[in-house]
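Enquirer: One structure follows; several queries about it will come next.
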Amino acid sequence: MDIAFSPGDAAFRDEVRRFLDARLNDRLREAGRLSTSVYADREIMREWHAILYAKGWVAPSWPVEYGGCDWSVTQHYIFSTEMARASAPGLSPMGLGMCGPVLIGHGTPEQHAFYLPRILSGEDFWCQGYSEPGAGSDLATLQMSAVEDGDDFILNGQKIWTTHAQYANRIFCLVRTSREEIPQKGITFILADMDQPGIRVEPLIMMSGEHVQNQIFFTDARVPKKNVVGRIGQGWTVAKYLLEFERGGHAYAPSLAVRLNRIRAMAAAERLGDGARLIDDAAFAARIAAADVEIRALEFLEHRVISALSNGGTPGAQASIMKTRGTEISQALTELAIEAVGAYGAPFQPHATKPGGPVPGWPKPAYNDHVGPDHALPVMSKYLNDRAGSIYAGSNEIQRNIMAKAVLGL
């Protein structure tokens, strides 16, 4: 695959840069630069979503007939890279990156017509109901029940670690509609309205102080059977399809490369005890170089996956490789960043960053009410938040099992 920039690619890159220069205001750039989570603040996400939607760039990887962009593989990568360089805030992946692709692949024409335009416009805000207190990485042991009642299902049970459920008006859920000898059977993928009786959301506060995660309690919540995606009892197939997009439906390398360059700049500013710059320390420089090599290797894998997506394919087993390497490299970068900012990483001051949700007990400060340089502000909170990276979307131990079976044939 030729990924060199053609004159057309260079013109596209310039178009993206002009758009970002014009539409990314200081508030949005600050939110991206000071982000400590994989999710931006809800209001920031809504504002940036609306801007991208108006441009037609909110879901570029979707098929064109559903609102995606007719871009080449290189153009997709250019777009991701320029977004990261410009500190554009992230968008919630629940609708655009997960539910949308699942509906495109497994939904009915009626579900396409109703849900997809609402996902694109941002009218619907989705959350994911997969994990339960006793079913996380071993997701097939889930127990939340859905009992048939005429044209409806009645839902009872609990979901946990549900990102931004406090804001969502819709949820896609895995529920158990029957009990079979093989636990993967009898699971159904269903869509539900959050704004109805019988659904209660309770917060879970993270190590980084943010209210991003929640637990949800379902008590006789009623959902129409027409909201089932795929076939009743065959939801495990749909769930695996969605997880491919959650793990490998986006590129990690562009943002990782930008973060590494920022760490280089931090290390150039940090002085050691003898007055030398940290960036000139041989051991630290070797770790920077090793991270750079890992990011470049991941980048080439992502080019192959983006090529498959552009041709109507799915990430497949390569999604597990992307998720494992992407999250582990990200965690390594948070450790390098802490070392690069030195003592300024010690103060815990999430109120001065742009977390993915409110931080209870930490009121918004007055201007410049923080310790240390601005580039050090998100470092510790990002480190704490990123510990979850190797657990969510299937732990990295599970991903290695998938790679061993599906890639290596073991």
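Enquirer: Determine if the range 90-107 includes at least one residue that is open to solvent by less than 30 Å² (accessible area, probe 1.4 Å) and on the phi > 0 side of the Ramachandran plot.
Expert: Within the range 90-107, not a single residue is open to solvent by less than 30 Å² (accessible area, probe 1.4 Å) and on the phi > 0 side of the Ramachandran plot.
Enquirer: Pairs please, first residue from the range 1-16 and modelled with pLDDT of 90 or more, second anywhere and acidic (Asp, Glu), Cβ atoms under 8 Å, 6+ apart in sequence or on different chains.
Expert: Close Cβ pairs satisfying both conditions: Arg13/Glu82; Val16/Glu82.
Enquirer: So how many residues does the range 292-308 have that are touching a Leu at 6+ places or on another chain (Cβ under 7 Å) and open to solvent by less than 10 Å² (accessible area, probe 1.4 Å)?
Expert: Looking only at that region, the number is 1.
Enquirer: Hey, another quick one. Would you mind stating whether Asp152 is in contact with a Pro (Cβ under 6 Å, 6 or more places away or on another chain) and either open to solvent by 30 Å² or more (accessible area, probe 1.4 Å) or not small (Gly, Ala, Ser) (or both)?
Expert: yes
Enquirer: Here's something else I'd like to know. Kindly evaluate Tyr66 against the criterion of being of a type in the set (Ser, Thr, Tyr), touching a residue at least 40 places away in the same chain (Cβ under 8 Å) and under 27 Å from Gln331 (Cα atoms).
Expert: The answer is no for Tyr66.
Enquirer: Go through (1) in contact (Cβ under 8 Å) with a residue 40 or more places away in the chain; (2) in a loop (DSSP other than H, G, I, E, B); (3) surrounded by fewer than 22 Cβ atoms within 10 Å (Cβ to Cβ); (4) among the aliphatic types (A, V, I, L, M) for Ile182 and report which single condition fails.
Expert: Going through (1) in contact (Cβ under 8 Å) with a residue 40 or more places away in the chain; (2) in a loop (DSSP other than H, G, I, E, B); (3) surrounded by fewer than 22 Cβ atoms within 10 Å (Cβ to Cβ); (4) among the aliphatic types (A, V, I, L, M) one by one, Ile182 breaks only (1).
Enquirer: Additional query: I'd like the residue in the range 157-171 that is open to solvent by 30 Å² or more (accessible area, probe 1.4 Å) and under 20 Å from Gly394 (Cβ atoms) and, out of all such residues, is modelled with the highest pLDDT.
Expert: Per the criteria, the residue is Gln158.
Enquirer: Could you list all residues from the range 1-14 that are assigned to a helix (DSSP H, G or I) and either under 22 Å from Glu299 (Cβ atoms) or open to solvent by 70 Å² or more (accessible area, probe 1.4 Å) (or both)?
Expert: Pro7, Gly8, Asp9, Ala10, Phe12, Arg13, Asp14
Enquirer: Right, here's the next one. Does the range 386-398 contain at least one residue that is closer than 17 Å to Glu210 by Cβ and either more than 20 Å from the chain's Cα centre (by Cα) or not in a helix (DSSP H, G or I) (or both)?
Expert: Scanning the range 386-398, I find at least one residue that is closer than 17 Å to Glu210 by Cβ and either more than 20 Å from the chain's Cα centre (by Cα) or not in a helix (DSSP H, G or I) (or both), so the answer is yes.
Enquirer: Could I ask something else about it? Over 20 Å from the mean Cα position of the chain (by Cα), assigned to a helix (DSSP H, G or I), at pLDDT 90 or above and over 30 Å from Gly68 (Cα atoms), is that true of Ala286?
Expert: yes
Enquirer: Give the range 202-229 a look and list any residue that's touching a residue at least 40 places away in the same chain (Cβ under 8 Å), touching a strand residue (DSSP E or B) at 6+ places or on another chain (Cβ under 8 Å) and of a type in the set (D, E, K, R), or say none.
Expert: Asp220, Arg222, Lys225
Enquirer: When the range 109-123 is examined, which residues are found to be in contact (Cβ under 8 Å) with a residue 40 or more places away in the chain and either assigned to a helix (DSSP H, G or I) or over 17 Å from the mean Cα position of the chain (by Cα) (or both)?
Expert: Scanning the range 109-123 gives Glu110, Gln111, His112, Tyr115, Leu116, Pro117, Ile119, Leu120, Ser121.
Enquirer: Now for a separate question. With the checklist (1) among the small types (Gly, Ala, Ser); (2) assigned to a helix (DSSP H, G or I); (3) over 22 Å from His303 (Cα atoms) in hand, flag the one item Ser80 doesn't pass.
Expert: It fails just one condition, (3).
The values are calculated or read from the model by the stated rules, or taken from the named source; none is laboratory data. Small disclaimer: the values here were computed from a predicted structure and weren't measured. Using ideal geometry, Cβ is built from the backbone for each residue, glycine included, and neighbour counts are taken over all protein chains shown. Each accessible area value is taken on the protein alone, full model and side chains, heavy atoms only, with ligands, DNA and RNA left out. Shrake-Rupley method; radii C 1.70, N 1.55, O 1.52, S 1.80 Å.
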